[in-house]
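Novice: Below you will find the structure I want to go over with you.
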Amino acid sequence: MADYFNEGHFNSYRITDSIQSVLNESRYFSYDSSRTSVFISHKHDDLNEIKGFLGFLRGMGVDTYIDAFDPTLPGYTCGETAKRIKQRIQQCDKFMLLATDNAIASKWCNWELGIGDVHKYKANIAIVPIKNANRINYTGSEFLEIYPYLYQSTSGYLIYDPVDRKFITLRSWLQK
């Protein structure tokens with residue numbers, strides 16, 4: 001089995017809420033200490049992948065933070081944007097990078113991964129490798145050598161740690 005997911009893998013979980021509904025939910029995003037919260041780093045151009053993955057995680061009963069849906073961020077990228085994103089990464093229990101080709105090429109996603117590395121590494125960070133259908137190889141394979149990543153086996157979704165060479169179920173990983 002490949003170490004990555006093909007584009008559209010999570011489409012069957014795609015949230016069908018209107019963007020306004022998602023914005024309203026994000027507006028009231030709170031950190032319920034009884035539920036795990038996940039910061040999802042992503043490239044805004046990958047909205048379809050984001051909506052599918054967001055639905056996937058919601059189905060597992062976790063709170064998610066996605067800056068694309070955060071109406072409290074400034075309307076333009078600035079220092080305040082970076083400050084607030086850093087705060088959200090620190091506040092969330094887990095960090096996941098939706099590692100599409102666009103995200104891997106993004107300076108912001110790489111910056112967020114660095115912040116996640118500092119505050120969440122290693123037990124609370126995971127890469128979600130998503131391969132572009134038009135490419136033969138996955139472009140983020142170097143991430144899969146050093147960071148834990150989401151993997152699908154015949155027994156379900158797992159987080160694989162390539163350094164320790166250990167698997168843990170995604171459900172276990174998502175628990176506090």
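The values are calculated or read from the model by the stated rules, or taken from the named source; none is laboratory data. If you're wondering where the values come from, they're calculated on a predicted model, not measured in any experiment. Don't worry about glycine lacking a Cβ; one is built from the backbone with ideal geometry, like all the others, and counts go over all protein chains shown.
Novice: Which fully enclosed strands (runs of 3 or more DSSP E) of region 35-100 have 1 or more residues being under 26 Å from Leu158 (Cβ atoms) and either over 11 Å from the mean Cα position of the chain (by Cα) or among the hydroxyl-bearing types (Ser, Thr, Tyr) (or both)?
Specialist: Details: elements: 37-41, 63-65, 94-99.
In region 35-100, 37-41, 63-65 are the strands (runs of 3 or more DSSP E) which contain 1 or more residues that are under 26 Å from Leu158 (Cβ atoms) and either over 11 Å from the mean Cα position of the chain (by Cα) or among the hydroxyl-bearing types (Ser, Thr, Tyr) (or both).
Novice: Also, quick follow-up: Among the residues of region 166-176, write down those that are under 13 Å from Lys122 (Cβ atoms) and of a type outside the set (Phe, Trp, Tyr).
Specialist: Lys166, Ile168
To keep it simple, each residue is scored yes or no on (1) over 18 Å from Ile40 (Cβ atoms); (2) of a type in the set (Lys, Arg).
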residue: Lys107; (1), (2): no, yes
residue: Asn110; (1), (2): no, no
residue: Leu113; (1), (2): no, no
residue: Asp117; (1), (2): no, no
residue: Thr154; (1), (2): yes, no
residue: Tyr157; (1), (2): no, no
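Novice: Given the conditions (1) farther than 20 Å from Phe39 by Cβ; (2) modelled with pLDDT under 90, which single one is not true for Leu73?
Specialist: (1)
Novice: Within region 47-67, count every residue that is under 17 Å from Ser12 (Cβ atoms) and among the charged types (D, E, K, R).
Specialist: 3
Novice: Considering only residues of region 1-38 that are at pLDDT 85 or above and touching a Ser or Thr at 6+ places or on another chain (Cβ under 8 Å), which is surrounded by the most Cβ atoms within 10 Å (Cβ to Cβ)?
Specialist: For region 1-38, the residue satisfying everything is Val38.
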